[in-house]
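J.: Sharing a structure here in structure tokens format.
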Amino acid sequence: MPGQEISSKCATHVQQTSKPKVVVSPLSLDDAEVPPLNLYKPKESYTATIVSVERLVGPKAPGETCHIVIDHGGNVPYWEGQSYGVIAPGENPKKPGAPHNVRLYSIASSRYGDSFDGKTASLCVRRAIYYDPETGKEDPSKNGICSNFLCNSKPGDKVQITGPSGKIMLLPEDDPNATHIMIATGTGVAPYRGYLRRMFMESVPTFKFGGLAWLFLGVANTDSLLYDDEFTKYLQDYPDNFRYDRALSREQKNKSGGKMYVQDKIEEYSDEIFKLLDNGAHIYFCGLKGMMPGIQDTLKRVAEQRGENWEEKLSQLKKNKQWHVEVY
Ligand code: FAD
Ligand code: A2P
């Protein structure tokens, strides 16, 4: 697998060689000390406009994930790692007369947006489809409200947004040479796409990344890979600063013959990961809530094999602000 080949290289903390990057126009929030927070709330949401909706996955992917670009006109600025809330149009089935509850979506672009002008935000949305457990058939009446609204929307449609929200997944920028280990299942890759664009695609005056970014992405199969072209390009351009490992659960097997999950990849590289953490690396988890128990079990097992106490190590990582979790 291409990811494995690259990962077997020894990545070191070397400064990036200069590759042509997109020069972004500075935004007023670049100089801010704190991130923007909850500029728009459920009762006073911002009316944004859909710019584009693009299916991200191939025909053999189970399910559909879309990349949705939203024009906020520069009025709902955000930092990488934050989320927007979306209020789908229509009435809340549980509260007649009231609007739908807000659903949160991690922002998948950098603060400059995909058009680099600071006026858009992109979301990576998986359509929630309900299959009747008895018949195995789709029951459209129970499909997810907001994800289907977003994936069905068309350029020019209006969308009510709130936020930005969240501080847990902000990219710490105090040390531009730090290591960032990013673990994602499915749409959990969204905040990392924002980080990586900031690190490798944009020429940002206030952040010259020269550290190591290591992405572990778990999806069902090759057709389900998200933003793979962008990540592969960073591997080519910044092989000393970027590592990318994919866990394809329905195409690859782990060493016990079970599904290949991100935690199996973590185990494979556990020695390096533990060393990086001991040297101050940040580790992020984003995506399915269900991945956390498996990941914690893996890390605990590895710690014990190394003669370390996982609970103590984890509490130290949390205390040092190296441990970042956003699962849903
Ligand atoms: P809902 O309408 O809320 O339904 C939820 C589920 O229940 C669906 O699977 C639906 O099919 C099922 N359901 C509906 N009715 C019934 C019924 N009668 N019986 C049984 N089941 C039923 N999601 C992303 O795709 N991308 C992201 O980047 C992302 N980021 C997030 C970040 C955060 C911090 C959080 C908290 C969540 C994030 N989510 C993300 C999840 C997102 O907020 C929504 O929860 C998700 O899109 C489902 O919302 P929905 O309105 O489509 O489904
Ligand atoms: P699978 O569905 O084959 O069990 P999704 O695209 O549905 O968001 O899922 C992303 C990936 O996360 C899929 O490969 C899925 O595998 C995998 N996954 C599901 N459950 C877990 C889990 N408990 N731990 C780690 N990965 C998981």
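J.: Return the pair list, or none, for Cβ contacts closer than 6 Å from residues in segment 291-311 that are over 21 Å from VAL219 (Cβ atoms) and assigned to a helix (DSSP H, G or I) to residues that are away from ligand 2 (no atom under 16 Å from the Cβ) and of a type in the set (D, E, K, R), at least 6 apart or on different chains.
T.: Note: pairs meeting the criteria are ALA303/LYS313.
J.: Now a separate question. Using the structure shown, decide if ASN221 is at pLDDT 95 or above, surrounded by fewer than 21 Cβ atoms within 10 Å (Cβ to Cβ) and in contact with a strand residue (DSSP E or B) (Cβ under 6 Å, 6 or more places away or on another chain).
T.: Details: at pLDDT 95 or above: yes; surrounded by fewer than 21 Cβ atoms within 10 Å (Cβ to Cβ): yes; in contact with a strand residue (DSSP E or B) (Cβ under 6 Å, 6 or more places away or on another chain): yes.
Against the criterion (at pLDDT 95 or above, surrounded by fewer than 21 Cβ atoms within 10 Å (Cβ to Cβ) and in contact with a strand residue (DSSP E or B) (Cβ under 6 Å, 6 or more places away or on another chain)), ASN221 qualifies.
J.: Follow-up question, since we're still on this one. If you check GLU44 against the conditions, is it in contact with a His (Cβ under 7 Å, 6 or more places away or on another chain) and either hydroxyl-bearing (Ser, Thr, Tyr) or open to solvent by 10 Å² or more (accessible area, probe 1.4 Å) (or both)? Let's see the steps before the verdict.
T.: Values: in contact with a His (Cβ under 7 Å, 6 or more places away or on another chain): no; either hydroxyl-bearing (Ser, Thr, Tyr) or open to solvent by 10 Å² or more (accessible area, probe 1.4 Å) (or both): yes.
No.
J.: Among the residues of segment 265-291, write down those that are in contact with a helix residue (DSSP H, G or I) (Cβ under 8 Å, 6 or more places away or on another chain) and within 9 Å of ligand 2 (Cβ to nearest atom).
T.: Selection gives GLY287, LEU288, MET291.
J.: All but one of (1) within 16 Å of ligand 2 (Cβ to nearest atom); (2) over 22 Å from ARG126 (Cβ atoms); (3) in contact with a strand residue (DSSP E or B) (Cβ under 7 Å, 6 or more places away or on another chain) hold for LYS255; state the number of the condition that does not hold.
T.: (3)
J.: Give SER115, SER165, SER141 a once-over and let me know the one that is within 10 Å of ligand 1 (Cβ to nearest atom) and open to solvent by 60 Å² or more (accessible area, probe 1.4 Å). Explain how you work it out, then say what you get.
T.: Working: SER115 fails: within 10 Å of ligand 1 (Cβ to nearest atom); SER165 fails: open to solvent by 60 Å² or more (accessible area, probe 1.4 Å).
None of the others qualify; the one that does is SER141.
Residue-by-condition table, conditions (1) closer than 28 Å to PRO172 by Cβ; (2) open to solvent by less than 70 Å² (accessible area, probe 1.4 Å); (3) among the β-branched types (Val, Ile, Thr); (4) in contact (Cβ under 8 Å) with a residue 60 or more places away in the chain:
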{"position": "PRO26", "(1), (2), (3), (4)": "yes, no, no, yes"}
{"position": "TYR40", "(1), (2), (3), (4)": "yes, yes, no, yes"}
{"position": "GLU54", "(1), (2), (3), (4)": "no, no, no, no"}
{"position": "GLY81", "(1), (2), (3), (4)": "yes, yes, no, yes"}
{"position": "TYR84", "(1), (2), (3), (4)": "yes, yes, no, yes"}
{"position": "ARG103", "(1), (2), (3), (4)": "yes, no, no, no"}
{"position": "ARG111", "(1), (2), (3), (4)": "yes, yes, no, yes"}
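J.: Scan segment 261-276 residue by residue and report those that are among the aliphatic types (A, V, I, L, M) and open to solvent by 20 Å² or more (accessible area, probe 1.4 Å).
T.: First, pick out the residues of segment 261-276 that are among the aliphatic types (A, V, I, L, M): 262, 266, 273, 276.
The answer is LEU276, and nothing else.
J.: Do we have PRO77 as more than 10 Å from ligand 1 (Cβ to nearest atom) and modelled with pLDDT under 95 here? Reasoning before the result, please.
T.: Numbers: more than 10 Å from ligand 1 (Cβ to nearest atom): yes; modelled with pLDDT under 95: no.
Here the answer is no, as PRO77 does not meet what is asked.
J.: What's the number of the condition ASN241 fails, among (1) open to solvent by less than 10 Å² (accessible area, probe 1.4 Å); (2) farther than 23 Å from GLN322 by Cα; (3) of a type in the set (S, T, N, Q)?
T.: Only one criterion is unmet by ASN241, namely (2).
J.: Among the listed residues VAL57, VAL86, identify the single one that is within 14 Å of ligand 1 (Cβ to nearest atom), β-branched (Val, Ile, Thr) and under 22 Å from ASP223 (Cβ atoms).
T.: Details: VAL86 fails: under 22 Å from ASP223 (Cβ atoms).
Of the residues listed, the single one that is within 14 Å of ligand 1 (Cβ to nearest atom), β-branched (Val, Ile, Thr) and under 22 Å from ASP223 (Cβ atoms) is VAL57.
J.: So which strands (runs of 3 or more DSSP E) are wholly in segment 51-162 and hold at least 1 residues that are under 22 Å from PRO26 (Cβ atoms)? Steps first, answer last, please.
T.: Values: elements: 65-71, 83-87, 103-106, 120-126.
Output list reads 65-71, 120-126.
J.: Could you please find all residues in segment 169-191 being open to solvent by 10 Å² or more (accessible area, probe 1.4 Å) and not in a helix (DSSP H, G or I)? First the steps, then the outcome.
T.: Taking segment 169-191 first, the residues open to solvent by 10 Å² or more (accessible area, probe 1.4 Å) are 170-178, 185-187.
Once the filter is applied, which keeps residues that are open to solvent by 10 Å² or more (accessible area, probe 1.4 Å) and not in a helix (DSSP H, G or I), segment 169-191 yields LEU170, LEU171, PRO172, GLU173, ASP174, ASP175, PRO176, ASN177, ALA178, THR185.
J.: Let me ask something else. Looking only at segment 238-286, which residues are under 21 Å from ARG193 (Cβ atoms), part of a helix (DSSP H, G or I) and of a type in the set (A, V, I, L, M, F, W, C)?
T.: Pass one, segment 238-286, residues under 21 Å from ARG193 (Cβ atoms): 238-249, 261-262, 265-266, 281-286.
Okay, now just the ones that are also part of a helix (DSSP H, G or I), so 262, 265-266.
Result: VAL262, ILE266.
The values are calculated or read from the model by the stated rules, or taken from the named source; none is laboratory data. Just so we're clear, the structure is a prediction, and the values are computed from it rather than from any experiment. Cβ atoms come from the backbone with ideal geometry, glycine included; neighbour counts cover every protein chain shown. All accessible areas refer to the heavy atoms of the entire protein, side chains included, with ligands and DNA or RNA removed. Shrake-Rupley method; radii C 1.70, N 1.55, O 1.52, S 1.80 Å.
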